[in-house]
């Protein structure tokens, strides 16, 4: 029996990491000048390797930085280092996480008053080092309750937390500090996203036989997720899909997956896909082989092209009553070429292909004088919306990787949230168009073109809300609806020609 896989909703980039990457990518896209980061921008080797391919490197200690773009890491830096960069005439871009910036402001405020500041966090972590820089000589780092117990009594203290700290550790440590100081100004500066990620990890681990935590080996928040999950079930921390060992899953039925705040969606997606395949392999060679064959079939560009050809064929056949073989084959061939050579290179190329495919698709309607302009426009709009929505749904799955690597797909250029909304709008407009086609033709075969994709859209929306885009990386649900809807439509037209 295949695994029951559950992926944490919060797995993947947090707001601060996403914002830091957006700032860096914006600079990289706007200039050909050298771009440097002050230390690793985030704690994820796969992202850093992708950025290095775009000539974004860490600033070397002895490197001349005058006139160069220097991006401050999401964890923040000390005020002394910031001042040093400005004095050396570097073009500084501050990508510090806004939440970290708030903690820096608190530390700066109380240290200026002469109040000691206790930072509950990991000694030597980049964020903690930056906070110490804002505390001057007033900063003290404690890692937990044990170190807090060794503190001497004092009249007043300010307490903050590393933004990725464990809330339980923070609470226990603050309880001890309160007994050590007459006045304790405590600020729970743990990021809300961190708290939610940890709560979700706890709930997922309780219901799982094994937890896979995906993230960089230097990521503090990823290590904490592994620690939390490890209290409830077998837990393994990995960086990439290559780290997975099939022996971990022997006798396992329920698999939970979460990821640190610096882990990109494509890494999570690859892990999910690999574990899903391992689950099917445990069902036996026949079933596993069939599943793998199906996955390879629906992923292949030829399948995608044939699916578009089928949609074109069924739409034209439902309207005209004549099978448009030549047009459908031409559309399928052009789509295959598009997916193989032109796709994911430039949105302008995509738009040209969509226009060409749409024109070819509606040619039989245009040439037939018995069909009105309304028929032509409705069919054309339906075909165009079908192409466009499938294009955007596919590219939205890869938007993080495309933005980081520099591929100028439409979602990468207009941001994934806007492109996802645009894709659903396209699907909705296509559905409205099909409804008008049903009213005009009174053909049940046309209805199939809306019923199947509409059901798919509802299912897709539930799946997205539950598990995120990363779960859809196998593309299984992008190809089958077009095939099913088209075949059903053609079958209905054969048996119910009216």
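Scoring 202-209, 85-92 by mean Cβ neighbours within 10 Å over their residues and listing the highest first yields 202-209, 85-92. Here 31, 258, 222 are placed in order of increasing Cβ neighbour count within 10 Å, fewest first, which gives 31, 222, 258.
From least to most packed, judged by other beta carbons within 10 angstrom and beginning with the fewest, 122, 243 follow the order 243, 122.
Over what distance in Å are the Cα centres of region 246-309 and region 1-65 separated? Cα centroid of region 246-309 versus Cα centroid of region 1-65: 26 Å apart. Whole-percent P(r), region 90-209, all Cα pairs, 5 Å bins from 0: 2, 11, 21, 22, 19, 11, 7, 4, 2, 1, 0. Between residue 105 and residue 326, the contour length at 0.36 nm per residue exceeds the alpha carbon distance by 72.8 nm. Among 94, 166, sorting on how many other beta-carbon atoms sit within 10 Å of each Cβ, with the fewest leading, yields 94, 166. In plain terms, the C-alpha convex hull of region 15-96 casts an average shadow of 5.0 nm² when viewed from every direction.
Here, each number is a calculation from the coordinates, and none is a lab measurement. Quantities reported herein were computed from a predicted structural model and do not represent experimental measurements. Backbone-built Cβ (ideal geometry, glycine too); neighbour counts: all protein chains shown.
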